[in-house]
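Structure record follows, encoded as structure tokens.
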Amino acid sequence: MVTNPVVAVEVRAYNVGFGDCLLVLFEYASGPKRAVLIDFGSTGRSSKSPEKAMEKIATEIQKIVQEQCGGVLHGLVATHRHKDHIGGFIGTAGQIIEALQPKVVTQPWTEHPDAAKDAKAAPSEEPKSIRAMRGNYLRSLEQMRGFCVAALGQANNRVGVVNASKIRFLADTNLPNKEAVDRLQRMAKAGKGEFVRAGAKSKLEGQLPGVKVHVLGPPDLTQTDSILKQKSSDKDEFWQFLEFWSLLQAGSNAVPAPVFAKAKTVRPPRTAQWFVNRANRQYGNQLLSIVRILDKALNNTSVILLFEVGGKKLLFSGDAQLENWMYALSQPEYRELVQGVDLYKVGHHGSGNATPKSLWKLIHQGPDGEGKLKTVLSTMKGKHHEVPQPLLMDALQAETELTNTEGVRSPALSAPVVRIQI
Amino acid sequence: MLAGDRILTANVPVPVENLEPGPRGYRVHVIDYDSSTQTMYAPQVIAGAEDPFAKASDAVLLGNPGFHAQNVYAIVMRTLAAFEFALGRRVSWAFESHQLQVAPHAFSLANAYYSRYDQALFFGYFGDDPKRPVFTCLSHDVVAHETTHALLDGLRSRYMDPSSIDQMAFHEGFADVIALLSVFSLEEVVEVLLDPTSDGEAKRAAGMISLDRVTTEALYESALLGLGEQMGQAIPGARGNALRRSVALEPRTTILEEAEFREEHRRGEVFVAAMMRSFVEVWRHRIEQLGEVQKGRVNLGRVVEDGAKAAKHLMTMSIRALDYCPPTALTFSQYLSAMLEADAQIQPDDRPYAYREAVRSAFVQYGIVPDTTSWRIGAAQDGRLRYGRVHFESMQRDEDEVFRFIWENRTELKLNLEAYTKVISVRPCIRQSTDGFILRETVAEYVQIVNVTVAELSAALGHPIPDRRDEDQIRLYGGGTLIFNEFGRLKHHAQNPVPDLQHNKDLLMKLLDWGLFDGATSGRFSQMHLKRAATLPLADGMEDQGW
């Protein structure tokens, strides 16, 4: 018997431009609320001073925490490393959040500082142990980020104006964000850091009495591997993926040098000029395709959390795309968990495969007669090539009670609030 | 590929021509521009018939971009020549230019591909040692593979359309087959695969090989798997693995029904596996005809020569089959039938090496049986066709004239009269038959396209069409290949009709199930190779989860 039950949950979705910043407040029958901040990032803002905008939001969060939560931030979740999810943890805005001294800092297993050490180890030719497997995977993630640096260096109008703009947006989001990452690690050390995978028991439960916290993703490599084994008799596919990135990173430099340093070079002759133009654009297409692939790979390290409280369920999936969901959706107990959730934070700003069809079928089977599923979407049209996806938007608008941050005026004080009564 | 610890090289003949610097010839223009570094290397000058790199060291071969330019030029031209030899005519590119542009060092990325839009082949370079990158342009099979995509696109421009699941797999599978057979047609390669310790002509001349090393299983092991391994080492990543996987696929008749092999790359591997088994079988037939020089031993030189000949012959058969294939919605079964029919036309007697039998039985082992539809024009049908209003001479080259023939005979040829119909090619060709006579044929292709709305399709199938709005248009493809004999009479009509909303519901449901109404084929090859290498595969049942 819970003596002080949760009576309502409020979700504040801030308009951060392109990015996520969600403050989840658990309201108890008596006493202060308990707060969990899920992501704090922004990119693609048209504002002249995006840092100032994030400062305003940080100040707003600080005020709420001080006035409503007894000055305690109970949980901080950084779903994954993308700038639009953690980019706010820099400068003054970052300092304001750090000063709130979150009790638990939740990040995906791929961000574990020890794992990063492994990541520097050279991949063995045929990894046998899970440790080596993890090391190789993390090393691949690092290499992908390294590729972003190179791609950013190459993104000029020569490769096509549109290509260059898209590459700059995606590569910038994927860049190693040292200050924000260091701050998160520091907060994790000072507080109660945890680096979770699907099925992990989250320390957030200890901070939120009466709330069950289920971690549905990201799967670790043993879980991913077990899923893929069901599909493929050929394990090479997995290692091929890792190998590709190591080869790519090795061959890419921010300012690459000609591969034949001593060979004679010439100005492109007139007969080659049409082709040179085309070739440059093709190169841009290739860079963009690769940056998209690595953007997706990093999205798939997103933490997926489901809060279960008083018979109500709230699902937050970061930017998890299909490959991340693959594991959770293959597990009967998780399928049952997501069935008929009450609130869903739309994955990856409304992209086409972050709300897999089978997940969609499960989550919007709401309890009979209890109204529509509430959905929260943080997106910005025209920034990312694939979001929001029009057919998903149609479904969200037609079949759910949608709250969309796009169009909500900044600054933060006007953040829409979605309330779930328990 | 290595011979001992040296790079294995081979001399290949190419059509003679006077080249401009590049090399820039009548069909190919090598442009050595690197987009990663914006570097244009000096065009390679080739003067005379002598190979300036004939005696070059490995360091020179790897480090001289001029050799790389010469190498891609030679392999592209050799592949083009193989197609023109098989088809008995010039083969055009799919774009409005006579010269295919080839960039041997296009960018510092692990990819190589054909782009119709850019009228070009792009070869990247990559590697973990910046001083010794892997050059895809130096790999014979990669260059032959990409050239085959370009040639196939020139011959069957609609094979990039999503009109059947096998067709999606065919482009990649066929390019792999031609690349592999092209490699095997080099005696130098076959020799090294059979006898990796061999160090040259002299040893080969005196050499023997024991019969237990030339059984079907032994050849499969040494030649096919050996080549797959070598390629895997030379071009790490997706390509090497794909080839290794193809040749290692164990035959089973239900393989194409398995979920894993509904994905286009894996499905293409089944096609490659069937063709390469045919190759080994034919090679073994040829070896059986060799007499034993000593007890239990045959002449290694002859075994090598026969391997290369078998590869060359099968390559010719494979290419020639294209003329007998329908221009849209191709199935593996139809390709097999076309291959058998085209070969029978030019070589009625399959003896002594039983190529057709080897091909048929290898495909059957993978569940691919010849299509039961007869495309030959029998005497009765011939009698019903109208020729009175068309002119023999024009019918050999004029698309409007052939269209008139089709239109005059629209009922007899079972055209869909609701469809947009266009003749997309008319090509006269001359082939030499085994009886010494010249076989003249004219090959013409037409396509038919019907646009239906999603609402119409959905109503006809009684099934919703996922991810599409009611008013969206969906294209349904059909078409036929007409082969006229030397007297201008139609002798072969390979047709896949446009699926009909009322009568072909099963087929339409399959197309829907396979996701073939999704469209978008531009940039297909550049994305295909990249996606294959750089993304994790999806588990079963997860392929169709997006919006």
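Scanning the stretch A:73-125 for residues that are outside any strand (DSSP E or B), hydroxyl-bearing (Ser, Thr, Tyr) and either under 24 Å from A:LEU306 (Cα atoms) or modelled with pLDDT of 90 or more (or both) yields A:THR79, A:THR92, A:THR110. The set of residues in the stretch B:101-156 being polar (S, T, N, Q) and either within 12 Å of another protein chain (Cβ to nearest Cβ) or in a helix (DSSP H, G or I) (or both) consists of B:GLN101, B:SER108, B:ASN111, B:SER115, B:GLN119, B:THR136, B:THR147, B:THR148.
Of all the numbered requirements in (1) surrounded by 22 or more Cβ atoms within 10 Å (Cβ to Cβ); (2) farther than 30 Å from B:ASN485 by Cα, B:GLY296 misses one, and that requirement is (1). Every test in (1) within 12 Å of chain B (Cβ to nearest Cβ); (2) in a helix (DSSP H, G or I) is passed by A:TYR334 save one, and that test is (1). State whether one or more residues within the stretch A:49-57 are assigned to a loop (DSSP other than H, G, I, E, B) and either closer than 21 Å to A:ASN177 by Cα or without any contact (Cβ under 8 Å) to a residue 40 or more places away in the chain (or both). Within the stretch A:49-57 (the criterion being assigned to a loop (DSSP other than H, G, I, E, B) and either closer than 21 Å to A:ASN177 by Cα or without any contact (Cβ under 8 Å) to a residue 40 or more places away in the chain (or both)), the answer is yes, since at least one residue qualifies. Looking across B:ARG386, B:ARG397, B:ARG404, one residue alone is out of contact with any strand residue (DSSP E or B) (no Cβ under 7 Å at 6 or more places or on another chain), farther than 19 Å from B:ASN504 by Cα and surrounded by fewer than 15 Cβ atoms within 10 Å (Cβ to Cβ). It is B:ARG386. Within this structure, A:MET144 fails the test of being modelled with pLDDT under 65, hydrophobic (A, V, I, L, M, F, W, C) and on the phi < 0 side of the Ramachandran plot. Scan the stretch B:168-178 and tell me whether some residue there is within 14 Å of another protein chain (Cβ to nearest Cβ) and touching a Leu at 6+ places or on another chain (Cβ under 7 Å). No, every residue in the stretch B:168-178 fails to be within 14 Å of another protein chain (Cβ to nearest Cβ) and touching a Leu at 6+ places or on another chain (Cβ under 7 Å). Evaluating B:ALA273 against the criteria (1) under 19 Å from the mean Cα position of the chain (by Cα); (2) closer than 19 Å to B:SER318 by Cα; (3) away from chain A (no Cβ under 14 Å) leaves one unmet condition, (3).
The helices (runs of 4 or more DSSP H) falling completely within the stretch B:371-479 include none with 2 or more residues that are among the aliphatic types (A, V, I, L, M) and under 25 Å from the mean Cα position of the chain (by Cα). If you filter the stretch B:6-27 down to residues that are among the charged types (D, E, K, R) and closer than 22 Å to B:ALA120 by Cα, you find that the one that is farthest from the other protein chains (Cβ to nearest Cβ) is B:GLU17. Please go through the stretch B:28-76 and pick out each residue that is more than 10 Å from chain A (Cβ to nearest Cβ), assigned to a loop (DSSP other than H, G, I, E, B) and surrounded by 19 or more Cβ atoms within 10 Å (Cβ to Cβ). Correct list: B:ILE46 only.
The residues in the stretch B:414-445 that are under 24 Å from B:ALA342 (Cβ atoms), surrounded by fewer than 20 Cβ atoms within 10 Å (Cβ to Cβ), modelled with pLDDT of 90 or more and of a type in the set (A, V, I, L, M) can be counted, and the count is 1. On the stretch given as the stretch A:87-96, residues that are touching a Lys or Arg at 6+ places or on another chain (Cβ under 9 Å) and either aromatic (Phe, Trp, Tyr) or buried (at least 24 other Cβ atoms within 10 Å of the Cβ) (or both) total 3. Within the stretch A:320-339, being in contact with a His (Cβ under 9 Å, 6 or more places away or on another chain) and at pLDDT below 90 holds for one residue alone: A:GLN321.
Scanning the stretch A:262-283 for residues that are at the interface with another protein chain (Cβ under 7 Å from one of its Cβ atoms) and basic (Lys, Arg), we see that the one that is farthest from B:SER36 (Cα to Cα) is A:LYS264.
The values are calculated or read from the model by the stated rules, or taken from the named source; none is laboratory data. Here the structure is a predicted model, which means the values were calculated and not measured. Heads up, the Cβs are rebuilt from the backbone with ideal geometry, glycines too, and the neighbour counts pull from every protein chain shown.
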